[in-house]
Each structure stands twice: as C-alpha cells, then as structure tokens.
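Contents: one structure, followed by commentary.
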Amino acid sequence: MIGLTCALELARAGHRVTVVTADPVEATTSAVAAAIWFPYLAAPADAVLRWAAASLRVFTGLADEPGTGVTLRPGTVVHRTPGPDLWWTPAVAGHRPATADELPPGVAAGTRCTLPVVDMARYLPWLRDTARAAGAEFQLQRVDALPEVPGDVVVLAAGLASGPLAGDRSGVPVQGQVVRLADPGLDSWLLDEDNPAGLTYVVPRGHDVVCGGTAVDGATGTEPDPAVERAVLERACALVPALRGAPVLSRAVGLRPGRPTVRLDRSVVQGRPVISCYGHGGAGVTLSWGCAADVVALAG
C-alpha cells in the first residue's frame with residue numbers, strides 16, 4: 001500500500017521509478033486490511049493527523065472514480081469511556097455524536113461520521129496498474145540488503161521488512177485476524193476499539209463484511225486461529241445482530257508493521273540517499289497519500 005502509493009506519486013512527479021517487491025499485491029499484508037480510513041496504532045499524533053487528512057481528501061475524490069474500490073460509507077465509532085479522545089476528528093468534516101438508533105446494543109455513546117472504505121482486492125490492482133500507467137516499472141524480487149537495489153535514490157517502504165534492511169530494531173509485528181462474511185445488507189460500519197472483550201470492527205463492503213479483529217504485539221503466525229475467529233464473530237454479532245447466521249466467505253491473518261512512531265526521513269547509506277517510509281501500524285491505508293507526498297518532497 002505505502003510502496004505503491006509512493007511509486008505512483010514519484011512517477012507522477014517525473015521520476016523514473018522501479019518497484020522492487022517480494023510479493024504480488026494480493027499476497028501482501030495490505031491485502032488483508034479491512035480497510036477503512038482511521039488512524040489506528042500510529043504516531044506521532046500531529047504528523048499522523050496531517051498525513052491522514054491529506055489521504056482523506058484523496059480517497060474522497062477516488063470514491064467518485066469507477067474501478068478504484070473506494071466508497072464513502074457512514075458509520076459509528078463506539079465510545080466506552082466518558083470524555084473519549086477524539087484527536088482524529090479535526091480531519092473529518094461533519095462528524096457528530098451518534099444518535100441512539102445509530103449505536104449498537106448496550107452502548108451509550110459514539111461518534112457518527114462518513115469515511116472512505118477501501119476494497120483492497122480492487123484498490124491494490126488499481127493502484128498498481130495506475131502506477132504502471134504513470135511509468136513505474138515492476139520487478140518481482142526479494143531484497144536481502146539495500147545495496148542490491150539499483151537507483152540513484154532508494155525509497156524503503158517494505159512494511160515489516162523495512163527495519164531489518166535499515167538496521168532498525170524498533171519494529172514489531174502486530175498480528176491481526178479477520179473473517180469475511182456475506183453481507184446481509186448492512187448500510188454502515190462500526191469501530192469498537194475499547195470493547196472490553198477485545199478490539200472489534202464490522203466493515204461492510206457490499207459483497208462482504210470484514211469482521212475483526214485482534215492486535216497481538218509480537219505474534220508472527222499467519223494462519224487463522226479457529227478459537228480467535230469464534231471470539232471475533234461473537235463480539236461482532238453482539239454489536240451487529242444482523243450478522244448472525246451470515247455465511248463465512250473467507251478468513252485471513254496479517255502482520256501490521258508496528259513501530260513506536262512512523263519513520264519518514266531521508267538519510268545517506270553508503271553514499272546514496274535512502275528515504276525511509278515505514279512503521280505505519282494499523283494505518284497504512286489511512287496515511288498512504290499523505291506520506292507519499294512527503295516522500296516526493298524528500299526526493300526533490
């Protein structure tokens with residue numbers, strides 16, 4: 001997600017771009033994402049809000065373009081404590097307190113807003129193809145060290161693989177598990193980050209509903225756990241009873257690239273500029289366009 005967006009914006013800015021990737025888009029962590037615009041597990045707050053606001057503007061425009069997989073959907077962010085931290089709301093126009101009929105059973109408060117929902121099965125191929133049409137070339141190759149990569153400038157945007165390539169040990173995988181159900185006709189999404197039973201989100205995309213999730217620091221497994229899936233579905237169905245009985249279409253596990261803060265800077269490695277752009281946690285989609293703009297600025 002981050003790498004492709006950077007590649008597209010660099011190509012549009014007139015740079016000759018080669019994307020070196022170990023995996024096709026459908027095999028990446030990004031392909032597992034729900035994916036809804038929301039700055040989750042990313043810091044520092046001021047930069048994240050700036051990047052997120054820039055991305056929100058782009059996604060809002062992309063929702064009008066056929067084939068992108070981006071739609072604007074209303075939904076509710078659940079509040080479990082008095083005085084919730086609404087630090088992300090300055091980026092979102094039209095947010096307001098949720099009404100009683102917009103809240104799930106047993107929940108007293110929430111914020112209602114309309115946000116981009118991105119169907120990654122459609123969006124990632126669109127992003128790849130748009131980057132290619134802009135002049136980017138693609139090379140399927142696993143990279144074990146930065147000197148293997150050609151070019152006058154290297155943009156390091158390889159998710160969890162970025163830290164080892166940069167000699168940075170601060171990254172940590174944050175495992176997330178989702179299950180996709182047939183959509184019974186839901187018209188809004190739901191985010192319940194502070195659910196006492198565990199992180200819960202329900203994101204309808206028309207053809208399916210992504211239900212999650214988990215956020216397990218340090219876990220590296222990528223096989224779905226049936227017990228975790230049962231717990232996720234129990235939480236999701238408690239909040240959205242219309243999901244009960246919906247058939248399971250697929251399931252997946254991804255490893256978010258966790259880091260104390262997003263790294264976005266320019267350094268010199270063995271005499272060559274390296275622009276690092278990684279550590280986006282659970283907000284790769286949310287920060288993608290804003291971070292790509294900063295990468296282009298750093299590339300000069």
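The values are calculated or read from the model by the stated rules, or taken from the named source; none is laboratory data. Here the structure is a predicted model, which is why all the values come from computation and not from measurement. Virtual Cβ from ideal backbone geometry, glycine too; neighbours counted across all protein chains shown. Note: accessible area is taken over every heavy atom of the protein model, side chains too, but ligands, DNA and RNA are not part of it. Shrake-Rupley method; radii C 1.70, N 1.55, O 1.52, S 1.80 Å.
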Legend entry - The listed residue being under 30 Å from R12 (Cβ atoms), open to solvent by 20 Å² or more (accessible area, probe 1.4 Å) and in contact with a His (Cβ under 8 Å, 6 or more places away or on another chain), out of P273, P257: P257
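Of all residues in the range 79-115, which are part of a helix (DSSP H, G or I) and free of Cβ contacts under 8 Å to residues at least 24 places away in the same chain?
The initial filter retains those residues of the range 79-115 that are part of a helix (DSSP H, G or I), namely 89-91, 100-102.
Listed by number, the residues that qualify are A100, D101.
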Inset, instruction - Return yes or no: is A42 crowded, with 23+ Cβ neighbours inside 10 Å, small (G, A, S) and closer than 19 Å to P116 by Cβ? - result: yes
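Looking for whichever is in contact with a strand residue (DSSP E or B) (Cβ under 8 Å, 6 or more places away or on another chain), among the hydroxyl-bearing types (S, T, Y), modelled with pLDDT of 95 or more and under 30 Å from T60 (Cβ atoms) here; the options are T130, T114. Which one fits? I'd like the intermediate steps shown before the answer.
Working: T130 fails: in contact with a strand residue (DSSP E or B) (Cβ under 8 Å, 6 or more places away or on another chain).
Result of the check over T130, T114: T114.
Quick check on my filter: what residues within the range 75-90 are surrounded by fewer than 17 Cβ atoms within 10 Å (Cβ to Cβ) and within 25 Å of A47 (Cα to Cα)?
First, the residues of the range 75-90 that are surrounded by fewer than 17 Cβ atoms within 10 Å (Cβ to Cβ): 80-87, 89-90.
Answer for the range 75-90, where residues must be surrounded by fewer than 17 Cβ atoms within 10 Å (Cβ to Cβ) and within 25 Å of A47 (Cα to Cα): G83, P84, D85, L86, W87, T89, P90.
Let me confirm something: among A108, A54, A93, which residue is buried (at least 16 other Cβ atoms within 10 Å of the Cβ) and not acidic (D, E)? If you could, list the steps in order and put the result at the bottom.
On the way: A108 fails: buried (at least 16 other Cβ atoms within 10 Å of the Cβ); A93 fails: buried (at least 16 other Cβ atoms within 10 Å of the Cβ).
The conditions single out A54.
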Inset, instruction - Scan (1) in contact with a strand residue (DSSP E or B) (Cβ under 9 Å, 6 or more places away or on another chain); (2) without any contact (Cβ under 8 Å) to a residue 24 or more places away in the chain for the single condition R205 breaks and write down its number. - result: (2)
